[in-house]
6 protein chains.
Amino acid sequence: MNVVVTNIKRTDQALIQQYLDNDLGVATVHEAQGRKGLLASHMRPIYSGGFIAGNAVTISAAPCDNWMIHVAVEQCQPGDILVLAPTSPSNAGYFGDLLATSLMARGVRGLVIDAGVRDTRDLKQMGFPVWSAAVFSQGTVKETLGSVNVPVVCAGQLVNPGDLVIADDDGVVVVAREEAEAVLEKGKARIANEESKRKRLAAGELGLDIYNMRERLAEKGLTYIDQADWKG
Amino acid sequence: MNVVVTNIKRTDQALIQQYLDNDLGVATVHEAQGRKGLLASHMRPIYSGGFIAGNAVTISAAPCDNWMIHVAVEQCQPGDILVLAPTSPSNAGYFGDLLATSLMARGVRGLVIDAGVRDTRDLKQMGFPVWSAAVFSQGTVKETLGSVNVPVVCAGQLVNPGDLVIADDDGVVVVAREEAEAVLEKGKARIANEESKRKRLAAGELGLDIYNMRERLAEKGLTYIDQADWKG
Amino acid sequence: MNVVVTNIKRTDQALIQQYLDNDLGVATVHEAQGRKGLLASHMRPIYSGGFIAGNAVTISAAPCDNWMIHVAVEQCQPGDILVLAPTSPSNAGYFGDLLATSLMARGVRGLVIDAGVRDTRDLKQMGFPVWSAAVFSQGTVKETLGSVNVPVVCAGQLVNPGDLVIADDDGVVVVAREEAEAVLEKGKARIANEESKRKRLAAGELGLDIYNMRERLAEKGLTYIDQADWKG
Amino acid sequence: MNVVVTNIKRTDQALIQQYLDNDLGVATVHEAQGRKGLLASHMRPIYSGGFIAGNAVTISAAPCDNWMIHVAVEQCQPGDILVLAPTSPSNAGYFGDLLATSLMARGVRGLVIDAGVRDTRDLKQMGFPVWSAAVFSQGTVKETLGSVNVPVVCAGQLVNPGDLVIADDDGVVVVAREEAEAVLEKGKARIANEESKRKRLAAGELGLDIYNMRERLAEKGLTYIDQADWKG
Amino acid sequence: MNVVVTNIKRTDQALIQQYLDNDLGVATVHEAQGRKGLLASHMRPIYSGGFIAGNAVTISAAPCDNWMIHVAVEQCQPGDILVLAPTSPSNAGYFGDLLATSLMARGVRGLVIDAGVRDTRDLKQMGFPVWSAAVFSQGTVKETLGSVNVPVVCAGQLVNPGDLVIADDDGVVVVAREEAEAVLEKGKARIANEESKRKRLAAGELGLDIYNMRERLAEKGLTYIDQADWKG
Amino acid sequence: MNVVVTNIKRTDQALIQQYLDNDLGVATVHEAQGRKGLLASHMRPIYSGGFIAGNAVTISAAPCDNWMIHVAVEQCQPGDILVLAPTSPSNAGYFGDLLATSLMARGVRGLVIDAGVRDTRDLKQMGFPVWSAAVFSQGTVKETLGSVNVPVVCAGQLVNPGDLVIADDDGVVVVAREEAEAVLEKGKARIANEESKRKRLAAGELGLDIYNMRERLAEKGLTYIDQADWKG
């Protein structure tokens, strides 16, 4: 059955804002939540420097058919991020500047799509960030129904509507709505801890010493040998 | 037989200029001509922001052999775009800054090559745009003949000499010389139509309403359901 | 046996500086040394415009295990470049901003890694250039020993510790330490020769004439034919 | 948290047997359940001709670490199929003839793994079918915990423990445990319907007529034209 | 415009039979016609050992839409080979055992498709050979018109209706209808020539001598050196 | 400089025979020598079931140029295996049935080539096994010198002439000539050890117990939980 699920529960916007304010990027959040939720590495930004966080509005779409994006727009609120997963691989250009105009008018922060997009020069000028599997102008049709705001697997990760999506130059990570608050705290702690590490490393201290690695390396049998003495 | 076809018919330059003046990019032209002529999505610009249109001077070259580029340069006129298709896949670096210097001296606008290029830092500084399948410094030889200005299949599309080639951040599209005038008119109409749509969308109107989609979606059986009532 | 080879012989820094001063990029060096030493084309910079040269400190690492990077940092000197080859393919994110901080504190010029990196927004802001096979945030472990400063095959090329590594927008090339002086001279000669060619080409002379290609093309049977007379 | 979920609910074996007895292969089941549940096309059998159906015992494993397979064996019952999804892409050889021996001793019907396997000559001789992303002998380690019988995303599809997995030369499809009975009925109906179609097609009737396509094709504007009259 | 071109000119069947009788496979024909017409290497047989030759009935189809195959069946005659090129990349399963049944009833010899197929176990049992870009069960729709018997670019090669298509374990090659007779003669000559070479090679003669390569190798500077004397 | 190194040292044939007699396949040898020497997973057999071991005669060849294979044939002895690495990626068909005839006349056991081959139907019938990166009929030229019996990097692994090469359905592994005797002993020990393990596993014992894994798993925190009690 093809459905549009309305009135989805969303992650709290104030909470999301803290991810942005604390500069909790993809790598940090992925670690903070125990190394899960990372979309596959073929999801790349169409231009560099973007950093967004927001609530997932999900789309399950037929291959080469972008009809459901039009349906999904109506379900979007300010602070949302559209997440599209085709039911079969497609690099067709599902999305361009007109749909971006419509989404920006509704306050949507960006698009994550495991398929293609087009009008990328315009999208960059408009400042509408997109993470996609391809850039390709091939047109799509509007013939086959899909669903909006159902759970989807996008680039190898399960995304539920209302989940928190974070994207930057490293890629895209999803945080389950129920875990967004706990992950925020862990992420902030991680940033704080990294900051102290960064200072020590910048001052020339070695990770070998900061992380007490020398003993375990020796136990495992790592051997230091002068090149003059080494027989490869 | 290996030939260099001379005195090819070209698309009129004033006509081409209108494509540029009207900002008819790859996605628009692809749609305007009925969704054909699009080169495969692996053809990517070596730097972003380029937008060119011009007449195709075509090269059919042996794999890892760039001899025919030197032959083709002599056939180029201002406003041309070089289009190279290897007869077998190759990511070797067929092209670098010296060839670009030679082409710029003849007024050539860019290169479209289903193989590799090198000296990309220089090419960017020189402002010579290239769409290629790879960036790779591997050198080529000059041993095997190919042909210039014969029909070639480049990245999955048939390109005839004198065809109109358009390239931007989205990729590359080819327009048959005989159709360039008709496609221009359709492209301009499309731009005008999109402009009015853009204003309505920017004002918050929905594509669902602008394009009258609601009825057909309902006919196909799309169902709206509140999340509270939904049993996934 | 897992070893860290210490006190490796390095290429002379004054010599390396001449590569930079003479703008001997990857394509030029690859040609100058007889078309060898080029890493595979999947090695791409995480941001464009970087150009580095330095001594290889090599790492052979287990897949998805970045422990040996911490070990290698201690072996680095100013002017070095870290080169990591996993023993089995991995696109995991072995490297991020903290390790970059540590390497910059030791004067390391960049990283070449046939695997993934993360924190790329930070790395760009810090100005720490990386050439990698992937950008991916997936975390790594610290469980399995590898080796430092042993010969490695990185992206298809043998790299010995102390070899000269050069990287720019075209990719990465390695020069054997023993050959670095001879290659420098050949590279400088090549640059000089290209400069004279560039002037002639910029003035409109054809490569066909500069390189005396016309006779050999005719011998091989290249035929010029007017389009009006051609039966494809 | 890393868990092994025990005493999972399974699909009824008599029900599963009916899938096999009725020759309900991957393509048929995928259609019968509304075109969902299909694993990505990179999942290929290591030898052709295999056809299995069984209950999923799922493994979420670290990249290049096969420790959890040993843990999962203990959870297997006759009629099960092991399904392994690495948390990050890996083509390492997680699985070989010894593990297959152990699984066969427990009545396991096959392996579905989005990673690599080895000893494929032995596996073929033993008659233990495997669908994998790669064949590669690279060894794995036993250092990092994963989980057994948790929901996993394998090759782009969500698989829950106890779901029905079907695999043949076309690939792999998963049926939710709760839907296995309904899908069986739809699959049987589909087979019956196809059988009558097959006879008519074999007798020379056209799909155009059997499926009443001519009118709709004409409405959409399909035009028949004799080649002698056609101007491409 | 979407058209079905009828009454296409075909290559003579007696001529085609000679290709089969003389065992003119893909590699031989590719060489005999001057190294052209070869489809890209991703076109692989779904089972090994097939060898077919026949007239191309071409299909230009929308991505993930197999409607036009049904239309094309009616245009097929005994000895034809169906050639399908999607207008945008798709690995969906356009084709299965029912369509194969229909084609076999009309005497069609096989399918060449730059997309996916399914029911491959059945197709092998039926003895209907297919060369495809993928094996995948994902279903297609019947919504968008395409064309039949127009020129298409399939896997990088231009194929006209009525062209001669040859396929074996090496892949697929196309011969222009007008050239099929001349290429047959060249192919037979090539086979004869190879046969004499084969005998000499089997008797231990060296290609170096048979082809008189030694002098030219020496001219180019090839140097023989005993390993004991070599300083790599 | 392009050289042919003659009179290379080879691994002893009686030693090699023991690898075959003891059924030391690729996975076993890879493990026995400490997990090194494995060629990349894209190296696949053109037909399944082959298992060879022999001395490497190495070829460094220009892309799309098979001239050096003819040179290498003369350097081959019974029991050799030809190993070809192109200097730049190429999927062209370097090798076919005539070259195989010549090699079989000299007692060569097979070919390992990080490029393409053709005439695969014939090669299978002749029983000449090949491991390659591609099957493709595209012809090559004989224009550019390469070298024979120099160290090459083939599919990511350094191969020296006279090294022991082993290939089976799993892929290809190389053993350094100097280590071939020691690796044989380790391989035989490994086989013996595996045999005892196989019996216990076949009898139903668990790897968890045979390898004493339970305690360490518990230490790391693996938790067993009944599905009825689990809150995913």
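Restricting attention to segment C:70-88, the residues that are under 19 Å from the mean Cα position of the chain (by Cα) and not small (Gly, Ala, Ser) total 9.
Residues are listed down the side, and each one gets a yes or a no for (1) without any contact (Cβ under 8 Å) to a residue 24 or more places away in the chain; (2) within 8 Å of another protein chain (Cβ to nearest Cβ); (3) not hydrophobic (A, V, I, L, M, F, W, C):
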site	(1), (2), (3)
B:Ile166	no, no, no
B:Val173	no, yes, no
B:Glu178	yes, no, yes
B:Arg190	no, no, yes
B:Ser196	yes, no, yes
B:Arg200	yes, no, yes
B:Ala203	yes, yes, no
B:Met213	yes, yes, no
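When you look at C:Gly34, is it within 14 Å of chain B (Cβ to nearest Cβ) and in contact (Cβ under 8 Å) with a residue 12 or more places away in the chain, yes or no?
Details: within 14 Å of chain B (Cβ to nearest Cβ): yes; in contact (Cβ under 8 Å) with a residue 12 or more places away in the chain: no.
Considered against the rule, which asks whether it is within 14 Å of chain B (Cβ to nearest Cβ) and in contact (Cβ under 8 Å) with a residue 12 or more places away in the chain, C:Gly34 comes out as no.
For segment D:189-202, the tally of residues that are touching a helix residue (DSSP H, G or I) at 6+ places or on another chain (Cβ under 8 Å) and within 15 Å of E:Ala100 (Cβ to Cβ) stands at 6. Taking first residues from segment B:1-21 that are without any contact (Cβ under 8 Å) to a residue 60 or more places away in the chain and partners that are open to solvent by less than 60 Å² (accessible area, probe 1.4 Å) and of a type in the set (Asp, Glu), the Cβ contacts under 6 Å between residues at least 6 apart in sequence or on separate chains come to B:Asn7/C:Asp226. Please work out if D:Thr120 is among the β-branched types (Val, Ile, Thr) and in contact (Cβ under 8 Å) with a residue 60 or more places away in the chain. Here the answer is yes, as D:Thr120 does meet what is asked.
Exactly one residue out of A:Val141, A:Val71 is farther than 16 Å from A:Met43 by Cα, aliphatic (A, V, I, L, M) and within 14 Å of chain E (Cβ to nearest Cβ): that is A:Val141. Just one residue in the set D:Ala27, D:Ala61 is among the small types (Gly, Ala, Ser) and within 30 Å of A:Ala62 (Cβ to Cβ); that residue is D:Ala27. Note on segment A:190-232: residues that are closer than 20 Å to A:Glu31 by Cβ and among the aromatic types (Phe, Trp, Tyr) amount to 1.
Filter segment F:217-227 down to the residues that are within 10 Å of D:Val5 (Cα to Cα) and either touching a Pro at 6+ places or on another chain (Cβ under 9 Å) or more than 7 Å from chain D (Cβ to nearest Cβ) (or both) and list them by number.
Residues of segment F:217-227 that are within 10 Å of D:Val5 (Cα to Cα), as a first pass: F:223-227.
Listed by number, the list holds a single entry, F:Gln227.
Do the conditions hold for C:Ser196, that is, is it under 15 Å from C:Ile113 (Cα atoms) and not acidic (Asp, Glu)? In short, no. Restricting C:Gly156, C:Gly204, C:Gly139, C:Gly171 to those that are more than 30 Å from D:Asp65 (Cβ to Cβ), in contact with a strand residue (DSSP E or B) (Cβ under 8 Å, 6 or more places away or on another chain) and of a type in the set (Gly, Ala, Ser) reduces the list to C:Gly171. Out of F:Arg44, F:Arg10, one residue alone is modelled with pLDDT of 95 or more, touching a Lys or Arg at 6+ places or on another chain (Cβ under 9 Å) and either farther than 30 Å from C:Gly34 by Cβ or more than 14 Å from chain D (Cβ to nearest Cβ) (or both). It is F:Arg10. When segment E:102-125 is filtered for residues that are of a type in the set (S, T, N, Q) and surrounded by 23 or more Cβ atoms within 10 Å (Cβ to Cβ), the ones remaining, listed by number, are E:Ser102, E:Thr120. If the condition is being closer than 24 Å to D:Leu164 by Cβ and out of contact with any Cys (no Cβ under 9 Å at 6 or more places or on another chain), then segment D:103-125 contributes D:Met104, D:Ala105, D:Arg109, D:Gly110, D:Leu111, D:Val117, D:Leu123.
The values are calculated or read from the model by the stated rules, or taken from the named source; none is laboratory data. Everything numeric in this text was worked out from a predicted model, so none of it was measured. Cβ atoms come from the backbone with ideal geometry, glycine included; neighbour counts cover every protein chain shown. Only protein heavy atoms, including side chains, enter the accessible area calculation; ligands, DNA and RNA are left aside. Shrake-Rupley method; radii C 1.70, N 1.55, O 1.52, S 1.80 Å.
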